[in-house]
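The values are calculated or read from the model by the stated rules, or taken from the named source; none is laboratory data. Source: prediction; values computed, not measured. Positions of Cβ are generated from backbone atoms using ideal geometry, with glycine treated the same way; all protein chains shown enter the neighbour counts. What goes into the accessible areas is simple: the full protein's heavy atoms, side chains included, and nothing from ligands, DNA or RNA. Shrake-Rupley method; radii C 1.70, N 1.55, O 1.52, S 1.80 Å.
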Amino acid sequence: MNSRSLPAGPAATDTPGRDAESLRRAITRHLTYTVGKDSTAAMARDWLYAASLAVRDLLVERWMDTTRRQYRENVKRVYYLSMEFLPGRALSNALIALGLYDECHDALRELGLDIEDVAGLEPDPALGNGGLGRLAACFLDSMATLNLPGFGYGIRYEYGMFAQRIVDGRQVEYPDHWLVSGNPWEFARPEVKYTIRFGGRVEIRDKHAAWVDTDDVLAMAYDTLVPGYGNTAVNTLRLWSATSTESIDLHLFNQGNYTAAIEEKNRSENVSRVLYPDDSTEHGRELRLKQEYFFVSASLQDLLRRYFKNHTGVEQLADKVAIHLNDTHPAIAIPEMMRLLIDEHGVPWTLAWKLVTRIFSYTNHTLMPEALETWPVAMLERVLPRHMKIIFDINELFLDQVRREHGDDGALLRRISLIDEDHGRRVRMAYLSVLASHKVNGVSKLHSQLLRDTIFSDFDRLFPGRMVNRTNGITPRRWLALANPDLSRLIDHRIGDGWRVRLDELARLAGQAGDAALQADFATVKAANKRRLADFISATTGVAVSPDALFDVQIKRIHEYKRQLLNVLHVVTRYNRILADPARAWVPRTVVFAGKAASAYFMAKLVIRLINDVAAVVNDDPRVDGLLKVVFVPNYGVSVARMIIPAAELSEQISTAGTEASGTGNMKLALNGALTIGTEDGANIEIRDAAGADNVFIFGLSAQEVADTRRAGYAPRAHYAADPELREVLDQIGQGRFSSAEPTRYQPIVQSLLDHGDHYMLLADYASYVAAQERVDALYADRAAWNERAIRNVAAMGPFSSDRTIREYAEGIWRVQPLTR
């Protein structure tokens, strides 16, 4: 073992060695002294735990040093508040960050273990559901890699959202017991607890508000390390777990009333039990509000405690603290910060509001009004009465200011009020976020422009310059270096390994895209990834697919606007065409779906069942054997994505134009050499501009054309009447061709398209989509041309690094500087 002294820290500690032999000894030591097993009794998960702890040891000293440097340099920190984080498996990511993957591979091999087998046992942390959580994790990775003093805050969900299984074609939800075997990557902080208050009432005492008679819950901290790549920075993700202020009612327990004795404990701990509880009920909606307040209150109390360690007043608060809201879920942080400053720290209202508007910034992730979070005034008055009063006061002062500056325009005041009086009196949390934030950003050029033009147009006129764009990005460490090691090695051989931190270096591949040798090597890598995915599909679904087919992939949360249903319409069209013309030289295709539907989302779950029913018919039909297969891969998450993305050849990004804010799956798939078929939506436009229009397949109405068509009076039945193929497909689905045991099963889907307005305009885009798929077939028939365009897509992905995104946030929004090296 080597030792070294740490600057301004405690006495020197033994630093674990970084060679394979030192790692082997560290793993066996943890197996013995931490896990409490010897090698003859150890199970595979014991080895995973021991290896994780051995690698974690290598990060801890860096972590402590990073924290000490932040205090020593008295830096401004950015606090990133998000309801979701999807970091993926930690062991392999830490090894990549440390540059020790090969050394750990050798250490485990000496112990008779395979690193892929060991790492594959680690569960994905069930801390998110989709792109929002994955983006948050990418951003934390980039903050650490750029040496920025960043700090993530969220909830330590005990069960996450749910584990998805497909039973008789239907999604069935099961608890996701991701913590059942413990989590070696977290540090419990029982000494870091904050009281979170609910309910009660507000009293005015000597002109000051007092929030009294509350029901209290404790928030306890758990810290997870976030290592940077290529440096020694290790930042923190702090997650909050709810605990009761009382353990059990011993009196009731001793009377034998065991259930009642722990009722209060269970009720308190429900707050952090499950990600996104079913909000189709009043109780579910109230629990979600409590979750949001729970984690932001704990986080703000924590960051203020950290600030006041080095400061006696609030004068420097906005110079040392930046708080970023990842979508509207954490928006209740705004009145909570006002409450803490005014009620707990005695700051006058005017100064408190000035500080808030300098501290907060906000990312909007959706244009859809139904997804912009609002809360009933009555619920807020019941659950968070002090905060409702603060929101009323903020709104009154805001509207008074607008009246003074812009006149008494009743229509304008109604539109911008934080209280929506037209739909049952609800608080518009997105408006609150826009009003309180010094910067508000969209996540693609199109999305940011639509924010200014539509839902926030009044605010854009009132606060010119507040709305900016920050196009999303992804971390190349996880989504190329870790997910696709064979392609990474090929790229390293061609241009070196600097792309891991300077993704724009991939542009050097563009000049080599026509190189036949590179195309052949690229094809070899893709074929190996496809074989690996084919084996995975067989093991998880029982469906045998050929690696020689085109792998056509749509992997994302199941939602009507993402239009998995449009993909199904093409699958059925393709199936019909093959049956009608079997002698044609068809390009074999495997269509892969994966994603979860919210447990209460009827239509999304019905689409999942339709996908599986169509798959059952298609896959069992010998007439299309070898030409068409359809699979739904269950329980989509980060690790499943890592299996699918490197093998994908066609990336389905087919949301209705103007509905997808950005998307990051499109970036991950293109980075791994998949060609995009998509609408002019979100970041698809920027990918097209970067890669070149000839290297993607764009189809369908633009966002402006969607709006114009709706204004003119969209008539979906006209498309049904005019297109015989479309009519045949919808009739087959609606009349039981794929559900013979229940012929009317999919009538709600057909009715939604024909009789209920086809809100996401699938029928308007159907013909264009099918034509684009024909262009896909034509190009794929020329494999050299396809591979050249795939390489050009990889080469064009430089602008889509989360490092670039975070650098733009740090410089233009947060005003946060990197630590000195």
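Couple of notes before you dig in:
- A simple spin-label model places pseudo-atoms 7 Å from Cα toward Cβ; at residue 516 and residue 489 they are separated by 2.5 nm.
- The radius of gyration of the Cα set in region 717-821, together with its Dmax, comes out at 23.2, 68 angstrom.
- Estimated translational D of region 32-135 in µm²/s (Stokes, Kirkwood radius over Cα pairs; 20 °C; 1.002 mPa s): 134
- Debye, to nearest 20: dipole size of the chain, +1 on Lys, Arg Cβ, -1 on Asp, Glu Cβ: 1420
- Between the listed residues 806, 585, 454, the Cα displaced farthest toward the positive end of the dipole of the chain, a dipole computed from Cβ unit charges relative to the Cα centre, is found at 806.
- Reach of residue 309 by Cα under 16 Å, taken over lysines that are not fewer than 8 positions away in the same chain: 76, 320
- Given charges at Cβ of Lys, Arg, Asp, Glu: the chain dipole, positive-most of 171, 534, 424: 424
- Coupling constants for region 784-797 follow from the phi torsions by the Karplus curve (6.51 cos²θ - 1.76 cosθ + 1.60, θ = phi - 60°), and in residue order they are 5, 5, 4, 5, 4, 6, 5, 5, 5, 5, 4, 5, 8, 8 Hz; glycine and proline get x.
- Region 597-701 - charge dipole about Cα centre, Lys and Arg +1 at Cβ, Asp and Glu -1, debye rounded to 20: 360
- For region 103-108, the Karplus equation 6.51 cos²θ - 1.76 cosθ + 1.60, evaluated at θ = phi - 60°, returns couplings of 5, 5, 4, 5, 4, 5 Hz by residue, with Gly and Pro reported as x.
- Surface/4 estimate of mean projected area, convex hull on alpha-carbon atoms of region 516-601, nm²: 7.9
- Pairwise FRET efficiency - residue 34 versus residue 528, Cβ, R0 = 60 Å, nearest 0.05: 0.95
- Sparsely packed loop sites in region 570-649 (the trypsin sites (Lys or Arg not before Pro) outside DSSP H, G, I, E and B with at most 16 other Cβ atoms within 10 Å) comprise 584.
- Residues whose amide H lies under 5 Å from that of residue 550, counting only those 5 or more places away or on a different chain, are 589, 590; hydrogens are built 1.01 Å from N in the peptide plane.
- Using a simple spin-label model with pseudo-atoms 7 Å out from Cα toward Cβ, residue 583 and residue 461 lie 6.6 nm apart.
- Relative contact order (%) - criterion: Cα under 8 Å, at least six apart; region: the chain: 13
- Within the same chain, aspartates and glutamates fewer than 8 places from residue 354 are excluded, and of the rest, those with a Cα less than 20 Å from its Cα are 315, 319, 336, 343, 344, 393, 396, 400, 405, 460.
- When both region 255-331 and region 104-179 are represented by their alpha-carbon centers, they are found 22 Å apart.
- Inverse mean reciprocal Cα-Cα distance (Kirkwood Rh) of region 545-640, Å: 13.9
- Carbon and sulfur %, accessible surface of the chain computed with the full protein complex present, 1.4 Å: 50
- Computed with every protein chain present, the accessible area of residue 608 is close to 0 Å² [probe 1.4 Å].
- For region 387-496, the per residue solvent-accessible surface stands at 39 Å², with DNA, RNA and ligands left out and a 1.4 Å probe.
- Efficiency of FRET between residue 811 and residue 453 - r from beta-carbon atoms, R0 22 angstrom, step 0.05: 0.25
- Additional length obtainable on full extension of the chain from residue 548 to residue 312, 0.36 nm per residue less Cα span: 78.2 nm
- Using only alpha carbons, region 323-378 has a radius of gyration to Kirkwood radius ratio (Rg to Rh) of 1.05.
- Contour minus Cα-Cα distance for residue 174 and residue 110 (0.36 nm per residue): 19.3 nm
- Pairs of C-alpha atoms in region 387-499 farther apart than 17 Å represent 66 percent of all such pairs.
- Lysines whose Cα lies under 21 Å from that of residue 668, excluding same-chain neighbours fewer than 8 positions away: 445, 526, 530, 556, 562, 596
- Furthest towards positive pole of dipole, 64, 31, 43, structure part region 23-79, Cβ charges: 64
- With semi-axes defined as the square roots of five times the eigenvalues of the C-alpha gyration tensor, the equivalent ellipsoid of region 106-185 measures 26, 24, 12 Å, largest first.
- Computed FRET value (nearest 0.05) for residue 710 with residue 204, which takes r as the C-beta separation and R₀ as 56 Å: 0.70
- Cα gyration tensor shape for region 141-201, rounded if a/c is under 1.5, else prolate or oblate: oblate
- Paramagnetic reach from residue 305 in region 224-240 [backbone N under 15 Å; point 7 Å along Cα→Cβ]: 238-240
- Under conditions of 20 °C and 1.002 mPa s, region 466-530 yields 163 µm² s⁻¹ as its translational diffusion coefficient, taking Rh as the Kirkwood radius over Cα pairs in the Stokes-Einstein equation.
- Label-to-label distance, residue 270 versus residue 721, with points set 7 angstrom from Cα along the beta-carbon direction: 5.2 nm.
- Residue-wise HN-Hα coupling along region 563-576, computed from phi with Karplus coefficients 6.51, -1.76, 1.60 (Hz; x: Gly, Pro): 6, 4, 5, 4, 4, 4, 4, 5, 4, 5, 4, 5, 4, 4
- Electrostatic dipole magnitude of region 548-636 [Cβ: Lys, Arg +1; Asp, Glu -1; Cα centre; debye, to 20]: 380
- Under-5 Å amide H pairs with residue 474, H placed in peptide plane, nonlocal only: 801, 802
- Relative compactness, region 594-740, computed as alpha-carbon Rg over 2.2 N^0.38 Å: 1.19
- For residue 347, the residues whose modelled amide H falls within less than 5 Å of its own, excluding neighbours fewer than 5 places apart on the same chain, are 342.
- Mean ellipticity per residue at 222 nm, deg cm²/dmol - from DSSP H runs of n ≥ 4 across the chain, formula -39500 (n - 2.57): -14000 deg cm²/dmol
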